[in-house]
Structure formats: C-alpha cells, structure tokens
Amino acid sequence: MINFPPELITYLKKATRVVVLTGAGVSQESGLSTFRDAQSGLWAQYRPEDLATPRAFARDPKLVWDWYAHRRESAKGASPNLGHYALVEMENRISEFTLITQNVDGLHRIAGSKNILELHGNILNVRCSECGMFADNWEDDLESVPRCEKCNALLRPDVVWFEESLPREQLDAAVSATRACQIFFSIGTSGVVQPAAALAHAAKAEGAVVVEVNAEPTPLTARADFAFHGKSGEILPELVKAVWG
Ligand code: BV8
Ligand code: ZN
C-alpha cells in the first residue's frame, strides 16, 4: 500500500488539464522489452538505436524490416497491463487529459485510451519509404522486403527513426498540451530521447506539477515535484484508487 502525499491527491482531485508522457517502461509488464533491456536472441548483437535509423535501413533493409516484423509480432501478442488501464481511468475522470506516448506498440489504444499522441509512430502500420502510401496488407516472403503497389519502392514501418523529424501535428499538439497542463506525469521513460524528453522540463517551466513514475531514477527525478520508483502497473492503479476511490 503506497502512501501518496495528500497534496498530490488534492491536486489530482482539482485538476482539469493533465498530460501524461509514457515510454517503454509502461509496456514492460505486458512482456515487451524496453530499449534499455538487452535484446534477445538474433537481435542481442544489435543496439536498438543502431537499427532504428534511415542509414541502417539503407545499408541493410532486410535486417531492419525483419527486426520490425519481429517486434510487430511481439506487440500483436501482447495485452495492455494494469498501468495502461489506470491511465484510461484517469482520462475518464479528468476533462482535458492528453496521453503522449513514445511507444509504437499501440497498447494504449487497445486499453481504451482516446486522446493519444503517438509521437514516434505505430509499428502496426506500414507505408512506402518513397511515396508514403500506407499498405493495408503486404506479402512477407521472408526473402525480400515487400514493395509499394504504387511506386514499387521498399515498404517500411510507420515509425520515426532517429534523425527523422517527428510528425508535426502530433508534436505541436503535444507541446501546446504540455504548456497548458496543471499536472505532467512522466511514466516508464528514461528521459533520454529528444524532443520527447524536453516536454517534462517545459511543463515544469510553465509552473505545472511534475510527477515521475519509473522503475529507477532518471535525469528528471531531481526536478520532479513527486517521484515514485517502482512498477507503473502497480503504482498507477493504487494512485487512481487513492484519488477517486
Ligand atoms: C530528431 C521509434 C531532428 C522507433 C524512437 C538533442 C540532444 C541530443 C540528441 C538529439 C537532440 N535532438 C535530437 C537528437 C537525436 C535523437 C536523440 O534524442 N538521441 C538520443 C539517443 C540522445 N533524437 C532524434 O533523432 C529524433 N529526431 O531529433 O529529428 C533531427 C534530424 C536530423 C539530425 C538530428 C535531429 C527522433 C527520436 C525518435 C526515435 N524513435 N522510437 C522504434 O521504436 O524502433 S525512440 C525510442 O527510444 C522510443 O520511442 C523512446 O523514445 C526511446 C526509448 O526510451 P524509453 O521509452 O524511455 O525506454 P527506455 O528503455 O530508455 O527506458 C525505459 C524506462 O522504464 C527505464 O528508465 C526503466 O527503468 C523504466 N521501467 C522499466 N520497467 C518499468 C519501468 N518503469 C515503470 N514500470 C515498469 N514496469
Ligand atoms: Zn510508394
């Protein structure tokens, strides 16, 4: 049983504008490895940030395609955990609630969250690497990377790779919600990847109350008003119960 500071409970009872930023940690209890976790099997020899780049795809498109096919199957086989569902509960009780995620696994949407900004895309979607056309279905002959029906260029996952710009619309919406929020939650993220990691600091600069929920301290911990270190799937349901009973 976690003793949440009474002032945090009061803030949440009164809050009308809340932003939550999530990272890979919120999906860890759903069996999906985080970016910090060592990769398993065939992928153990690669660092995620070495595969998630346009240069890696140019160098070896089949390797990158297969890595995403592997992660896509893992995401499809995973289910939301109590942490995802607690965020749905929060959204149902707060009038202006914005969920900003770095995760490409789509689990927040499956859990029932509505106002979601997928800053780094969604691994379940595939599009053409040249003309951008989305592919509803594609032949994965395991020999080569599937190609675009329209321009015959290689298909790629609809995710944001390192050194690629974030989708303008989602980023602008994330920044404006962050600037206007009263409480900003940073959940299950190591706070390293930019520009997502800058959002919590922007919220703090605008006077918002910053709350961190993470398995270990991060560069944000020292600036957070409240920090809870443990599993989001255990802490968030307890917080929802403590605030809204
Ligand atoms: C860009 C999609 C313009 C793909 C991802 C400024 C300074 C320095 C560098 C940069 C900078 N600005 C830009 C950069 C470069 C770069 C960057 O930030 N590099 C880092 C490494 C320093 N940023 C970019 O390239 C961005 N684009 O800036 O474009 C540009 C153009 C040209 C040249 C330069 C710039 C694009 C960034 C997006 C990349 N795509 N994902 C895919 O998924 O394959 S990023 C990916 O990694 C994730 O989406 C996520 O953002 C990040 C992983 O971080 P987390 O989610 O936080 O996961 P992590 O494993 O690190 O941590 C998990 C945490 O959870 C841990 O702390 C753990 O303790 C905790 N945890 C574990 N279990 C639990 C838990 N917590 C609670 N409960 C649990 N059960
Ligand atoms: Zn195309």
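Quick note: the coordinates plus some simple rules give every number you see, no bench work behind them. Please read these numbers as outputs of a predicted model, since none were measured by experiment. Here the Cβ is made from the backbone with ideal geometry for all residues, glycine too, and neighbour counts use every protein chain on show.
Brief remarks on what is shown
- Length-normalised contact order of segment 1-82 in % [C-alpha pairs under 8 Å, at least 6 apart]: 26
- Reachable lysines from Lys231, criterion Cα separation under 17 angstrom, eight or more residues apart if same chain: Lys241
- Lys/Arg +1, Asp/Glu -1 at C-beta; segment 122-245 dipole; positive extreme among Gly207, Ala242, Ser176: Gly207
- Per-residue Karplus couplings for segment 71-83, computed as 6.51 cos²θ - 1.76 cosθ + 1.60 with θ equal to phi - 60°, are listed in order as 5, 5, 5, 4, 5, 5, x, 9, 10, x, 10, 4, x Hz, Gly and Pro entered as x.
- For segment 61-167, share of DSSP beta bridges that run antiparallel, in % to the nearest 5: 70
- Building the convex hull from the alpha-carbon atoms of segment 1-107 and averaging its projection over directions returns 8.8 nm².
- Cα centroid of segment 39-102 to Cα centroid of segment 112-173, whole Å: 13
- Helix 168-180 vs. the chain, principal-axis angle (Cα, 0 to 90°, nearest 10): 10
- Highest-MSF residue in the chain out of Asn103, Asn125, Asn214 [GNM, Cα springs under 10 Å]: Asn125
- For segment 109-221, share of DSSP beta bridges that run antiparallel, in % to the nearest 5: 60
- Gaussian network model of the chain, Cα within-10 Å springs - most flexible of Ser40, Ser232, Ser144: Ser40
- Helix 232-244 axis, angle to the chain major axis (alpha carbon atoms, nearest 10°): 40
- Between Lys62 and Cys151, the distance separating the two model label sites (each 7 Å from Cα on the Cα→Cβ line) works out to 2.4 nm.
- Here the residues Glu130, Glu216, ranked from fewest to most Cβ neighbours within 10 Å of their Cβ, fall in the order Glu216, Glu130.
- Largest first, the three principal axis extents of the alpha carbons in the chain are 58, 34, 30 Å in whole numbers.
- Estimated 222 nm signal from helices in the chain, with DSSP H stretches of n ≥ 4 weighted -39500 (n - 2.57), rounded to 500: -10000 deg cm²/dmol
- Debye intensity ratio I(q)/I(0), log10, segment 84-228, q values 0.18, 0.19, 0.21 Å⁻¹ (C-alpha model): -1.07, -1.15, -1.32
- Cross-link partners for Lys204 among the lysines, with Cα-Cα distance under 20 Å and sequence neighbours closer than 8 places in the same chain left out: Lys13, Lys14.
- Summed side-chain charge close to Ala208 - residues other than Ala208 whose Cβ falls under 14 Å, Lys, Arg +1, Asp, Glu -1: +1
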